[in-house]
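See structure below.
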There are 2 protein chains.
Amino acid sequence: MLGASGVGADPLALLQALAARRSVDAHALRPPAPPPEVLQRAAELTLGAPDHQGLRPVRFVHVGSEERAALGELFARAAAATGRDASGVINARERAFTGPGLLAVVVRIRDDVPDVPPYEQWLSAGAALMILLQALHLQGYGAKVLGGRAARSEVVRRAFCTEGEQLACWIITGTRDPAAEEPKPPDMRRELLTDWSPAPS
Amino acid sequence: MLGASGVGADPLALLQALAARRSVDAHALRPPAPPPEVLQRAAELTLGAPDHQGLRPVRFVHVGSEERAALGELFARAAAATGRDASGVINARERAFTGPGLLAVVVRIRDDVPDVPPYEQWLSAGAALMILLQALHLQGYGAKVLGGRAARSEVVRRAFCTEGEQLACWIITGTRDPAAEEPKPPDMRRELLTDWSPAPS
């Protein structure tokens, strides 16, 4: 039964499920990866992120297991292009095989929308990313956001993005190894929520 | 009962609750505003957002109902400082009374962390913002992110931020008027999730 806000009868259970989501490291992610319908549902849910003027700054590109070798060659080329040595190139190539499932997060940040400055578009993209991670979690899959050098390489960007887009980060995803150590809960920070008091005038 | 991923027995109900969240416009938000414990719980949950190197780019500042008049004076001063006319100043002052509950979203973006470029910090802040909105929703409160001129005014920034921080946006929140029109579901976008194919080499 859903109330006016669309929330079911046990919001505390929902909150608990939301709170239980943590980034799952690559070493704790096992096959199977989320199947296409799970990824599709997660991607569709991201449309619920706040998005001033509906700019839709983010899209997701799935790298299938058959494409990992090609991605590895791309990473290797990107590493070589930045002058890394042979072992650096090998490491870069291997990184393309991280995680049972892999998505590229592609962002288009426009600078020609006066009412929506670029940082608001980044906030919107981050909100969409969060929904994707939660939707994977709620469907039983662990995930983690990875940044790093390869995401910022022009060689890699061109293989994923059209003009005006950039590759913001990667998402690795799979089935959380139940034997893996529980991720630590984050530290509280006292000043996370404070009350405003105006300066004496 | 929670499984290995911390997800309860009915993940589809959880997904549905997640999917049901929409931004609720100011005119559809009625008192009561979320009480302090609801805001506190929502803020604490935001610590579950991805946050490379634990930079914690975001914090929230609650503007109580007794501080709205002072905020209004601040908005009026900010409007006057940018040369707006008398009616513009009056409008700006009135804007401080929008929404039964009001939070300022304060962000600190560091440019001295080579592994975490500013855009990754914005993504993290956006993810935290999303969790806050969802946690309000799951506790029965509607909310909406507002940007706008006042968030970018230096007069207002100084009243909320310390050195190196900026006021990214506002969140208005309250009880959703059940008589208000349902927010529209977002349009689907075909290319939201695609499969990568490497360019022929």
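The values are calculated or read from the model by the stated rules, or taken from the named source; none is laboratory data. Since this is a predicted model, take the numbers as computed values, not measurements. Note: ideal-geometry Cβ built from the backbone for every residue, glycine included; neighbour counts use all protein chains shown. Note: accessible area is taken over every heavy atom of the protein model, side chains too, but ligands, DNA and RNA are not part of it. Shrake-Rupley method; radii C 1.70, N 1.55, O 1.52, S 1.80 Å.
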Inset, instruction - Find the sum over both chains of the accessible area lost when A and B are paired, probe 1.4 Å, and report it in Å² to the nearest 100. - result: 6900
Inset, instruction - List the residue from chain A whose beta-carbon is nearest to the axis that rotates chain A onto chain B, together with that distance in whole Å. - result: A:126, 1
Legend entry - Centre separation in Å (Cα based) which lies between the range A:93-128 and the range A:150-201: 10
Legend entry - Shielding by other protein chains, A:36-47, mean Cβ within 10 Å: 3
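For the range B:37-112, which trypsin sites (Lys or Arg not before Pro) are in a loop by DSSP, counting at most 15 other Cβ atoms within 10 Å? Could you put the intermediate results ahead of the total?
Working: sites: B:41, B:59, B:68, B:77, B:84, B:93, B:95, B:108, B:110; in loops: B:84, B:110.
Loop-located and lightly packed - B:110.
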Inset, instruction - Using a 10 Å cut-off on Cβ to Cβ distances, tally the other chain neighbours for every residue of B:49-56 and report the average as a whole number. - result: 5
Legend entry - Residue with peak Gaussian network fluctuation, chain B [Cα springs, cutoff 10 Å], from B:29, B:167, B:146: B:146
Inset, instruction - In Å and from the alpha-carbon atoms only, list the Rg and Dmax of the protein assembly as shown. - result: 21.5, 68
Inset, instruction - Run the accessible area of the range B:126-188 with a 1.4 Å probe and give the carbon-and-sulfur part as a rounded percent. - result: 51
Legend entry - Computed [θ] at 222 nm, helices only, for chain A once each DSSP H run of length n ≥ 4 contributes -39500 (n - 2.57): -11000 deg cm²/dmol
Legend entry - Cα coordinate range in the range B:35-142, projected on the principal axes (Å, largest first): 47, 36, 17
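Please compute the average number of Cβ atoms from other chains found within 10 Å of each residue's Cβ in peptide B:66-75. List each step's numbers first, then the result.
On the way: counts 2, 4, 0, 1, 5, 2, 0, 2, 3, 0.
Mean number of neighbouring Cβ atoms from other chains: 2.
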